[in-house]
Amino acid sequence: MPGVLDRLDAGAVRRWAVDALDRLRSHRDEIDGLNVFPVPDGDTGTNLCLTVESAVAAVEDVPDDDVREVADALATGALHGARGSSGVILSQLLQGWADALREHPDGGAGAVRSALARAADSAYAAVSRPSEGTMLSVARAAADGASRGGTLREVVSGALASARAALDRTPNQLDELGRAGVVDAGGRGLLLVLESLAGTVAGRRAARRPAAGDPARSPAGEPGHGNDAPGGPPEVGGPWFEVMYLVDLPEDAVPLLRERLDRVGDSVVVVGGPVVAGGRTWRVHIHTADVCAAVDAGAQAGSGSSPGTALAPNPAGTRPRTVRVTALVPPAASDPDRARPSVGVVAVASGPGLAQLLAASGALALVRDAQGPPAPEDLLTAVRDTCAEAVVVLPDGPDAAATAEVAVAFAVQHGLRAAVVSARAPAQALAAVAVYDPAGEPSEVLRRMAGVAAATRHGAVVLEPAVSPEPAATPEPAEEPTTPSGAVRGLVDDCVVTTGDDPAAVGRTVAERLLCDGGELLTVISGAAPGAGTLAADLCRHVRETAPDV
């Protein structure tokens, strides 16, 4: 058995992380049961497990010779894998550790004391409206307790004792906890992490090293919606959604991002990873009724444009990415005894507006970004996050269908039940979720969703991108710019049925082709291109005039 440590080296930090993950898994059900603030949906333990699992996986291939590299990898892994606001805050605590160990690589008592203080400061700074009686209070108490120690063991023991006392006080600080007679769920999880740290320093043997991808799920767990935020609860009467994404921004753009997020939602948490080339990757968490506004806040912060204005062109990489949207359960509708869902849905969305519609129907929605659809590993993670017995994956086009098939194949290899419903267009995905039944028999739900999607015809009006002409060998007289013939294509079921110069005329032709066989319902989805909203409104007026029964 290893002896008492007088400093934390890279191996000790790794052992601490592995043991913390094992403790969180052992107490996951307990922590889920404590989750009553702000919404009692019982997922804090699951969110913390998933966050630390991602952190541990990130250090699998980092050599044990530099504590700074291990700490950085741990924090970055937690940032990218964070679930719910508790996981986001924990990732910021780990980033505070990494920042302190980068300045004090000896890993001794002073370094750990500084790490705990910086972690608490950065966690409080990450939350727009921090509440006492949460894991923030426990983190602050740990930092205060560590300040009175001399040796590393005294620093860690003092932090643990103060954190334990702070957790015991949480029912007196939050009315929701007092009425339920429980301590704060996030604070309980943080205490387990500190207990693992104390055990590592004391030389107690770490728990088994989990395999990467080892599932962190409660048998009765619900999807990780993150309603465990240390800020105020969302107003009842939604629908409300949890939105999470990553965005690359310089430090000075973050206050503007927080300001914009505070206008459109609650439970706002913004945490940053390590500084790289003058900027950072930031993990954003918010509860909101307007998904588009929450995502636009990240894009506007990157472009520097003013609220309410069209987005200015911004540098590559500053648009939000890995956007996840899940529906929140209002307190009045939550049921602590609800069973594990029979069927879950993971849907790829072309934009945040579609993601909101899909999430409102019960799907966990992933928004494609400029590089294309979510990667197979992101889809696989989302499949696992539904915690359902069987999962339907809904792509929104052929490219997403290809990655979905890869993700489902991996899921099946890991013993998960999953299948892809072929949805080649957003309209088909919307039709499929309209008949989704989370409590239904999986094979029947799959059959109905696939049948409805296949029966839904779809069309599109596509504006071809402008192509710069080749430079002429000799100067040519200037001419008035003209729109090339056929710059607008009209598609029905992926086949070009018309071309032209007028998007409105092409749109009318596409609608007429879709309805020529007796369609009863036309769904018009407006894209983000300039004038798309006007085009959609004109098309609706045309259909009302020419096909009043539709």
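The values are calculated or read from the model by the stated rules, or taken from the named source; none is laboratory data. None of these values were measured; they are calculated from a predicted model. Positions of Cβ are backbone-derived with ideal geometry, glycine not excepted, and every protein chain shown enters the neighbour counts. With ligands, DNA and RNA removed, areas are computed over all heavy atoms of the protein, side chains included. Shrake-Rupley method; radii C 1.70, N 1.55, O 1.52, S 1.80 Å.
Per Stokes-Einstein, at 10 °C and 1.306 mPa s, what whole-number D in µm² s⁻¹ belongs to region 496-550, with the Kirkwood radius over Cα pairs as the hydrodynamic radius?
Translational diffusion coefficient: 135 µm²/s.
Per residue, how much accessible area does region 1-139 show when a 1.4 Å probe rolls over the protein heavy atoms, in square angstrom? Could the numbers behind the result be given before it?
Numbers: 4200 Å² over 139 residues.
That works out to 30 Å² for each residue.
Stokes-Einstein D for region 90-135 at 25 °C, 0.890 mPa s, Kirkwood Rh over Cα pairs, in µm²/s?
Estimated via Stokes-Einstein, D reaches 227 µm²/s.
Please report the Cα spread of region 142-210 along all three principal axes, rounded to whole Å, starting with the longest.
Projected onto the principal axes, the Cα atoms of region 142-210 cover 39, 34, 12 Å.
Relative to the Cα centre, what is the charge dipole magnitude of region 54-175, using +1 at the beta carbon of each Lys and Arg, -1 at the beta carbon of each Asp and Glu, and rounding to the nearest 20 debye?
Dipole about the Cα centre, nearest 20: 560 debye.
Grab the eigenvalues of the alpha-carbon gyration tensor for region 358-406, scale each by 5, take roots, and send me the semi-axes largest first in whole angstrom. Can you show the working numbers first?
On the way: eigenvalues 61, 31, 19 Å².
Value: 17, 12, 10 Å, ordered largest first.
When the accessible area of region 29-175 is computed with all protein chains present and a 1.4 Å probe, what percentage of it is carbon and sulfur?
48
Evaluate region 372-471: find the radius of gyration of its Cα atoms, find its Kirkwood radius, and give the ratio Rg to Rh.
That ratio equals 1.10.
Calculate the spin-label point distance for Glu545 paired with Thr499, positioning each point 7 Å from the Cα along the beta-carbon direction, and give it in nanometres.
Calculated label separation equals 2.8 nm.
How much accessible surface area, in Å² rounded to 10, belongs to the heavy atoms of Asp72 with a 1.4 Å probe?
Around 40 Å² of this residue is reachable by solvent.
Pop out the Kirkwood hydrodynamic radius of region 1-115 from its pairwise C-alpha distances, inverse of mean 1/r, in Å to one decimal.
Values: mean 1/r = 0.0690 Å⁻¹.
About 14.5 Å for region 1-115.
Working out 0.36 nm times the residue gap between Val406 and Ala434, then minus their Cα-Cα distance, what length gain in nm do you get to one decimal?
7.5 nm
Can you send over the solvent-accessible area of Phe241, 1.4 Å probe, protein chains only, in Å² to the nearest 10?
Spelled out: Phe241, probe radius 1.4 Å, area about 0 Å².
For Val62, what accessible area in Å² do you get when you roll a 1.4 Å probe over the heavy atoms of the protein chains, rounding to the nearest 10?
30
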